[in-house]
Amino acid sequence: MAEVIDSMLDLMRRLPPTRTEENVQALVNICPDEADELLQSVDQPLQVMVDRATGREYLACDYNRDGESYRSPWSNEYDPPLDDGAVPSSKMRKIEIQANEAFDTYREMYYEGGVSSAYLWDPEDPSGGSNFAGVVVIKKTMTPATPLEPSGSWDSIHVFETVERGRQAHYKLTSTIMLQLLTRKSSDNDKPNSTSEKKGPDGLKRDGEVSLSGSMTRQSEQDWPLQDSSSHISNIGRMIEEMEIKMRNLLQEVYFGKTRDVVYDLRSIDDLEKARRQKELQKELVGFIRR
């Protein structure tokens, strides 16, 4: 059965990232027996849900899912209701509440909106002592006010593991960022009197529309001093903050920069005749210098 999962993951890497949810659901329908393992292996865009008890928004992902229900970090209840759903121990729940409040402040400071959630779980091995694991998820969506404004979404998933070693703790962080951007530019087809509309082969894209999407995963391991259980929140928060800054810079400098260079090589913004004369002038100057 491992070959089936490998084949599905290999197929997902070749499909458009903008249709991840649709493609995952199609594979689940084809191979329902492998649904759990596939959902655990593929990162999907986070879904926003509302806690019925508190009215606060939270994020649904594979880490707070039990069957078809999702646990809220605010009330610790499942939606739809689940009697025997997995919940953290009282000790983990106390840290989880503190983590949600802390990262809610972090989200507001850095993202100025969006939704964040933190989920913790106890070690599978009871002898794990104070070791535990968890995830911090953040989602920010940009909704256009007009059809010509850009739209997009940012989904970040930070999975961490902790191992206490006396007065220190070792942390392993795996961060994944999923980014989707869609920009539109007005063209003749957008004029009120125009009745025609150009579409691409898939029937989705129009003139002046650019879609950029993808995901990035990075890992980090660090040791931090440990005063008490609340120190875990500040230590993990510091690691997530540093990781997000690095990944944002990498996206801006490498991915967006490379895309811009490719586009500029394919299409010249300046007049081609002017660029041709400049190259000829450069050749002449080089020739005079060599003489």
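The values are calculated or read from the model by the stated rules, or taken from the named source; none is laboratory data. Because the structure is predicted, anything quoted here is derived from the model rather than measured. Virtual Cβ from ideal backbone geometry, glycine too; neighbours counted across all protein chains shown. Accessible surface is based on the protein model in full, side chains and every heavy atom, while ligands, DNA and RNA are left aside. Shrake-Rupley method; radii C 1.70, N 1.55, O 1.52, S 1.80 Å.
Just a few scattered comments:
- The chain - charge dipole about Cα centre, Lys and Arg +1 at Cβ, Asp and Glu -1, debye rounded to 20: 1900
- Taking all protein chains together and rolling a 1.4 Å probe, W121 ends up with roughly 80 Å² accessible.
- Mean residue ellipticity at 222 nm, helices only, the chain: -11500 deg cm²/dmol; runs of at least 4 DSSP H residues each add -39,500 (n - 2.57), and the sum is divided by the number of residues.
- Angle of helix 20-30 to the longest C-alpha principal axis of the chain, folded into 0 to 90 degrees and rounded to 10: 60°.
- Look at the Cα gyration tensor of the chain: its axes a ≥ b ≥ c give a/c of at least 1.5 with a/b over b/c, and that counts as prolate.
- Cα-based equivalent ellipsoid, the stretch 1-42: semi-axes from gyration tensor eigenvalues, Å: 15, 11, 8
- Greater than 29 Å apart at Cα, pairs in K246/K274; K94/K139; K140/K172; K185/K283: K246/K274; K185/K283
- Principal-axis tilt of helix 272-290 within the chain, Cα atoms, nearest 10 degrees: 80
- Placing Y63, Y70, Y264 in order of accessible area, with the largest value first and a 1.4 Å probe, yields Y264, Y63, Y70.
- Sorting 47-54, 284-291, 233-240 by average packing, meaning the other beta carbons within 10 Å per residue, from highest down gives 233-240, 47-54, 284-291.
- Percent RCO, i.e. relative contact order, over the chain, from Cα pairs under 8 Å lying at least 6 residues apart: 10
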